[in-house]
Amino acid sequence: MNYKIDTKEKFTVLSLLDSSLSSNLVPELKELIQKLGTNSPKNLVVNLSAVKHWELSIMELFAQHQEVFYDNNTSFVLCCLSDDLQNALDLTDFGEVMNLTPTETEAWDIVQMEEIERELLDSDDMEFSTQE
């Protein structure tokens with residue numbers, strides 16, 4: 001599997017460079033995503049601009065990681081899906097649980113907005129607990 005990693009201040013961008021993501025890549029991709037999700041910064045943007053085809057098992061893997069990242073108060077965003085990827089995703093229910101954006105810049109915006117939202121929720125929790 002070919003990929004590029006670009007680390008920013010608040011998130012990491014994982015650009016997948018293979019044109020096809022098949023089920024035999026699931027173990028390697030799962031390990032890579034888990035590694036990126038435990039290193040700082042823990043928010044992850046997955047850029048799929050080079051990918052033209054993906055199998056159901058890859059979509060399922062991304063949907064599972066979406067949940068894991070959110071359970072850990074971090075962001076997981078997929079961006080730059082081709083029409084073919086979007087059409088394949090539309091045939092499943094996975095698209096309903098995934099955070100998808102058309103561009104990488106919009107994915108960055110989502111991560112930053114979710115970071116602000118988490119900070120606000122944390123400060124609200126602190127305010128509430130000090131008032132009791």
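The values are calculated or read from the model by the stated rules, or taken from the named source; none is laboratory data. Since the structure is predicted, the reported quantities are computational estimates derived from the model, not experimental observations. All Cβ positions, even for glycine, are placed from backbone atoms using ideal geometry, and neighbour counts span all protein chains on display. These area figures cover heavy atoms from the full protein model, side chains too; ligands, DNA and RNA do not enter into them. Shrake-Rupley method; radii C 1.70, N 1.55, O 1.52, S 1.80 Å.
Report every pair of residues separated by at least 6 positions or lying on different chains whose Cβ atoms are under 8 Å apart, first residue within the stretch 50-66 and touching a residue at least 40 places away in the same chain (Cβ under 8 Å), second acidic (Asp, Glu) and open to solvent by 10 Å² or more (accessible area, probe 1.4 Å).
Hits for this filter: zero, empty list.
Step by step: first the residues of the stretch 5-17, then only those that are in contact with a strand residue (DSSP E or B) (Cβ under 8 Å, 6 or more places away or on another chain) and not β-branched (Val, Ile, Thr), then the one that is most open to solvent (accessible area, probe 1.4 Å). Which residue is that?
Among those that are in contact with a strand residue (DSSP E or B) (Cβ under 8 Å, 6 or more places away or on another chain) and not β-branched (Val, Ile, Thr), it is Leu17.
Taking only pairs six or more apart or across chains, which ones have beta-carbon atoms under 6 Å, a first residue in the stretch 6-27 that is of a type in the set (A, V, I, L, M, F, W, C), and a second residue that is open to solvent by 70 Å² or more (accessible area, probe 1.4 Å) and part of a loop (DSSP other than H, G, I, E, B)?
Cβ pairs passing all conditions: Leu17/Asn2.
Going through Asn73, Asn39, Asn43, Asn2 one at a time, which residue ends up being buried (at least 19 other Cβ atoms within 10 Å of the Cβ) and in contact (Cβ under 8 Å) with a residue 12 or more places away in the chain?
Criteria check complete, one pass: Asn43.
So Leu78 passes all but one of these: (1) open to solvent by less than 70 Å² (accessible area, probe 1.4 Å); (2) more than 17 Å from Ile110 (Cα to Cα). Which condition number does it fail?
Exception for Leu78: condition (2).
Looking for something under 30 Å from Ile116 (Cβ atoms), modelled with pLDDT of 95 or more and open to solvent by 70 Å² or more (accessible area, probe 1.4 Å) - is there at least one such residue anywhere in the stretch 21-30?
yes
Tell me, please, whether a residue that is modelled with pLDDT of 95 or more, under 11 Å from the mean Cα position of the chain (by Cα), open to solvent by less than 10 Å² (accessible area, probe 1.4 Å) and within 30 Å of Leu120 (Cβ to Cβ) can be found in the stretch 90-100.
No, the stretch 90-100 has no match at all.
For Val111, indicate whether it is touching a residue at least 60 places away in the same chain (Cβ under 8 Å) and of a type outside the set (D, E, K, R).
Taking the combined requirement at face value, the residue satisfies it.
Please enumerate the residues belonging to the stretch 69-85 that are assigned to a helix (DSSP H, G or I), within 26 Å of Glu115 (Cβ to Cβ) and either modelled with pLDDT under 95 or more than 15 Å from the chain's Cα centre (by Cα) (or both).
Correct list: Tyr70, Asp71.
Give me a count of the residues in the stretch 49-68 that are within 19 Å of Gln34 (Cα to Cα) and out of contact with any helix residue (DSSP H, G or I) (no Cβ under 6 Å at 6 or more places or on another chain).
Residues flagged as within 19 Å of Gln34 (Cα to Cα) and out of contact with any helix residue (DSSP H, G or I) (no Cβ under 6 Å at 6 or more places or on another chain) within the stretch 49-68 amount to 7.
Among the residues of the stretch 115-128, are any in contact with a strand residue (DSSP E or B) (Cβ under 9 Å, 6 or more places away or on another chain) and not in a loop (DSSP other than H, G, I, E, B)?
Yes, the stretch 115-128 contains at least one residue that is in contact with a strand residue (DSSP E or B) (Cβ under 9 Å, 6 or more places away or on another chain) and not in a loop (DSSP other than H, G, I, E, B).
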